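Everything on this sheet refers to the single structure shown next.
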Amino acid sequence: MSNIQDQIQEELKHAREVCDNPDSNSAECAAAWDAVEELQAEASHQKTKEPKKNSLEQYCSENPEAAECRLYDD
């Protein structure tokens, strides 16, 4: 999800540049901030789609080499 966070940061920077520029109009500024808002909404939706991990799953994601986390093929 860091990719969408990077995009949000880029759009925030762009929106600030557009709105700080005296040559830009309010429509350009509003469109830039709309893009930021849409990306933030998408990031929020992606967070809710991820199922919560139980304590073992969380432990194994942080410690994949642990004996408890080994997976064996049948």
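As a fraction of the 1.4 Å probe accessible area of the stretch 13-74, surface on carbon and sulfur atoms comes out at 48 percent.
In the context of the full set of protein chains, residues of the chain present 85 Å² of accessible surface per residue (probe radius 1.4 Å, heavy atoms only).
Answer with a single label: of (1) 5.6; (2) 8.6; (3) 7.2, which was calculated as mean projected area of the Cα convex hull in nm² from the structure in view? Given (1) 5.6; (2) 8.6; (3) 7.2, the calculated one carries the label (3).
The values are calculated or read from the model by the stated rules, or taken from the named source; none is laboratory data. All of these numbers come straight from a predicted model, not from anything done at the bench. Surface areas here come from the heavy atoms of the whole protein model, side chains and all, with no ligands, DNA or RNA. Shrake-Rupley method; radii C 1.70, N 1.55, O 1.52, S 1.80 Å.
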